[in-house]
Amino acid sequence: MNRRLDPETNEVAKSVDLVAVLLIALAVFVFFYLIHLVLLPFVFAAGVGLVLTSVADWLAARTRAPRAKIALLIFLIVLGLVGLAAYFAVPVMAQGMLHVIGDIQRVIEQPR
């Protein structure tokens, strides 16, 4: 059942395939654009994980320590840095929120 299509039918089929691929690509692009705020933390975490995996592998090879212990050490360091950032950032953010709450009527009435 190997029949040959005439050149005109073959060109139409190629055009339809191209349009279908472009429409699917557009739909995927629009979908990702609509959920980009949801995907952002996952993309950030993947980037950090990629970098820290390389660091853990390098340290494990250099120190000949078990990779699990190196990974735990890196996790604790990152957790400590996040905690330190929160320690300094939370009071500033809380003060800003109290300022906004105290001035809520003016903030609501203020034109954009």
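The values are calculated or read from the model by the stated rules, or taken from the named source; none is laboratory data. All values reported here derive from a predicted model rather than from experimental measurement. Every residue, glycine among them, receives a Cβ derived from its backbone with ideal geometry; neighbour counts consider all protein chains shown.
Taken together, the criteria place Leu72 among residues that are at pLDDT 95 or above and of a type outside the set (Gly, Ala, Ser).
Meeting the requirement of 2 or more residues that are in contact (Cβ under 8 Å) with a residue 12 or more places away in the chain and either in contact with a Gly (Cβ under 6 Å, 6 or more places away or on another chain) or surrounded by fewer than 10 Cβ atoms within 10 Å (Cβ to Cβ) (or both), no helices (runs of 4 or more DSSP H) wholly within the chain can be named. Only one of the listed residues (Val90, Val38, Val21, Val16) is of a type in the set (Val, Ile, Thr) and under 22 Å from the mean Cα position of the chain (by Cα). That residue is Val38.
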